[in-house]
Amino acid sequence: MNAPIDSATHEHASEDRRPLPGAVTFGHAVAVQAWASAMLVGVNILIWLFSGAGDFWPIWIFLPLAFALAVHAWVALLRRRPEIWRRPHLNFALALECGVWVALMLFNIGIWAAGGAGSFWPVWPALVLGSAVAVHASIVSFRSPSHQELSERIDVLTSTRAGAVDAQEEKLRRIERDLHDGAQARLVALGMSLGMAEQKFDAAEPGEARELLAEARVGAEQALRELRDLARGIHPPVLADRGLEAAVRSLADLSPMQVNVSVDLAERPTAAVESTAYFVSAEGLANAAKHAAAESVQIRIARRGSVLRMDIIDDGVGGADPDGGGLRGLRGRVEALDGTLRVVSPRGGPTILIAELPCA
Amino acid sequence: MRVVIAEDLALLRDGLVRLLRDNDFEVLAAVADGDALVKAVVEYEPDIAVVDIRLPPDFRDEGLRAALRARELVPGTAILIVSQYVEHAYAAELLADPGGGVGYLLKDRIMHVAEFVEAVRRVAGGGTALDPEVVGQLFSRRRKDGPLERLTPREREVLALMAEGRSNAGIAEVLVLTVGAVEKHVQSIMGKLDLLQSAGDHRRVLAVLAYLQQ
């Protein structure tokens, strides 16, 4: 029950994260703090060196600074990468608490080591704080959602639903256009060829009539081919008939690249999850071929608990724009199912597309 | 030659009946769903069943499954599956059925009447007819440095036609070559790909497809 609520807070966090023009972002703040701390420690080490380098007292300045920096960096990381905590039985507060607990433990161990490494006392605060984290975790697991969380959840659903409807609308428009400019136009031309062939028969010119008939047949073949491609783009028949693995392998077969497919699913997911996973694969392969100039691609699809996880990894040049048209549309599709889509694509490659789709 | 047809769309069913009758086939029955196909095959024991892959009630691959069921009951019945789209997964399932006499073609091919009729005859006679698009799918996943690259463009053309199930004489006709020239190409291809020459055309298709599917 908690996963959707977490995603609600995440959505809002991601909206709030957009920095105002000229404002200092959280990441900058961490960098500034790290730099200032390093300077302070450096100056103290210099003082220690010049004052005879006796007992290494700067450690007592270093440890608290490192502790503060670790907490700050963890908070910044959680806000920047919500997928770390956006999962079942975890939320922002609990993830924060776990991180602080780890930082505090390291801090205590540091003090213990610097203080001569006697009896290992850091175990006691670790146990006390650890049980506090455990209590928090069980509360997160078992409590029911608050009013505010529910209303945030409704906001998210409203916006992802609107996105899904928009995407659907856009797709229908494109199909209409393709039909109009493609198959329909071809059928008109085909009818014209047939009409002219009739005339030629009446005029007793069988040679030309024959030519027109052949033309009409070519037109019919082209119309069929276009309709077939269109149908495949709406819902590939093999997906319904044979499931995700066969459909993705069929995509791989049509690809000019070397594509490795591994699918590990004990049972078939719902039709919505299957078709979304299929279109993530299709888009991933198309991008790898078109933009990344990749030669080989790996597609891995597996069930992990209640989540279908897919990784698409290519060996191309990277630098994909996560907010580019295709990927944005895909994200809308994935989020409509409460899933997440991540794109890691440094310049120089590789590009990794990771989608997680809940399928309870 | 005796035929049973299964196609749920009346327009296409009537068209197929007319086309095959015009070309001297004896159409014993034309049915609209999988169960009726099985019944008709058991009743008439035709040489070949021409079947639309997508039939009621579930409009998926009922046609393919019904045809294979019918063939279990009446061994030796040839099957020609026609479809609006091709997927090599289905072709693999058809070809895995022992006994030969299978075909899998796009409905588009019916428009080339003479070739389509030839394919029906070939399959009814125990041969194979695989749509060029399926063969194309298999060719497209060849590796850049694979042995297929050692073939000349002409040899690749010949290999594709072999994979479609055509005989040497058929290949010669399509490429406007002599049968002798085709035989030479075939020998050279089999040598380059390390395939054994086998007697029957169907076994040859299986060898070539097994190779392409590696």
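The values are calculated or read from the model by the stated rules, or taken from the named source; none is laboratory data. All values reported here derive from a predicted model rather than from experimental measurement. Cβ placement follows ideal geometry from the backbone for every residue including glycine, while neighbour counts extend to all protein chains displayed.
List of remarks:
- Among residues of region A:57-68 that are of a type in the set (Val, Ile, Thr), those with a beta-carbon under 6 Å from a residue that is in a helix (DSSP H, G or I) at least six positions away or on a different chain give the pairs A:Ile59/A:Ala114; A:Ile61/A:Asn44.
- Positions within region B:72-114 being in contact (Cβ under 8 Å) with a residue 40 or more places away in the chain, of a type outside the set (A, V, I, L, M, F, W, C) and more than 9 Å from chain A (Cβ to nearest Cβ), in sequence order: B:Gly100, B:Gly101, B:Gly103
- Residue identified as over 19 Å from A:Gly233 (Cβ atoms), part of a strand (DSSP E or B) and touching a helix residue (DSSP H, G or I) at 6+ places or on another chain (Cβ under 8 Å) among A:Arg300, A:Arg342: A:Arg342
- If the condition is being assigned to a helix (DSSP H, G or I) and more than 10 Å from every other protein chain (Cβ to nearest Cβ), then region A:244-272 contributes A:Leu244, A:Val248, A:Leu251, A:Ala271, A:Ala272.
- Unmet criterion (only one of (1) buried (at least 17 other Cβ atoms within 10 Å of the Cβ); (2) over 21 Å from B:Val205 (Cα atoms); (3) within 14 Å of chain A (Cβ to nearest Cβ)) for B:Leu64: (2)
- Extreme residue, nearest to B:Leu64 (Cα to Cα), among residues of region A:224-237 that are facing chain B (nearest Cβ under 10 Å) and either surrounded by 15 or more Cβ atoms within 10 Å (Cβ to Cβ) or touching a strand residue (DSSP E or B) at 6+ places or on another chain (Cβ under 8 Å) (or both): A:Pro237
- Test: residue in region A:270-287 that is farther than 26 Å from A:Glu169 by Cβ and out of contact with any Leu (no Cβ under 8 Å at 6 or more places or on another chain): no
- Where B:Thr128 falls short, out of the listed (1) over 18 Å from B:Asp52 (Cβ atoms); (2) over 9 Å from the mean Cα position of the chain (by Cα): (2)
- The single residue among A:Ala240, A:Ala294 that is within 14 Å of chain B (Cβ to nearest Cβ), modelled with pLDDT under 90 and in a loop (DSSP other than H, G, I, E, B) turns out to be A:Ala294.
- Flag for A:Ala288 being surrounded by 19 or more Cβ atoms within 10 Å (Cβ to Cβ) and part of a strand (DSSP E or B): no
- Region A:204-223: number of residues that are without any contact (Cβ under 8 Å) to a residue 12 or more places away in the chain and within 7 Å of chain B (Cβ to nearest Cβ): 2
- Residues of region B:115-148 satisfying the condition of being more than 24 Å from B:Asp8 (Cα to Cα), within 14 Å of chain A (Cβ to nearest Cβ) and assigned to a helix (DSSP H, G or I): B:Pro132, B:Val135, B:Gly136, B:Gln137, B:Leu138, B:Phe139, B:Ser140, B:Leu148
- A:Gly207 satisfies every condition listed in (1) surrounded by fewer than 18 Cβ atoms within 10 Å (Cβ to Cβ); (2) under 47 Å from the mean Cα position of the chain (by Cα); (3) not β-branched (Val, Ile, Thr) except (2).
- Test for B:Phe59: is it surrounded by fewer than 22 Cβ atoms within 10 Å (Cβ to Cβ) and either within 14 Å of chain A (Cβ to nearest Cβ) or aromatic (Phe, Trp, Tyr) (or both): yes
- For region A:161-181, taking the residues that are under 25 Å from the mean Cα position of the chain (by Cα) and acidic (Asp, Glu), the one that is nearest to A:Asp229 (Cα to Cα) is identified as A:Glu170.
- Residue in region B:106-119 that is at pLDDT 90 or above, crowded, with 22+ Cβ neighbours inside 10 Å, under 26 Å from B:Ile81 (Cβ atoms) and not acidic (Asp, Glu) present: yes
- Test result for A:Gly163, out of contact with any Phe, Trp or Tyr (no Cβ under 6 Å at 6 or more places or on another chain), within 30 Å of A:Thr276 (Cβ to Cβ) and crowded, with 16+ Cβ neighbours inside 10 Å: yes
- Residue count for region B:115-142, restricted to those that are touching a residue at least 60 places away in the same chain (Cβ under 8 Å) and among the small types (Gly, Ala, Ser): 3
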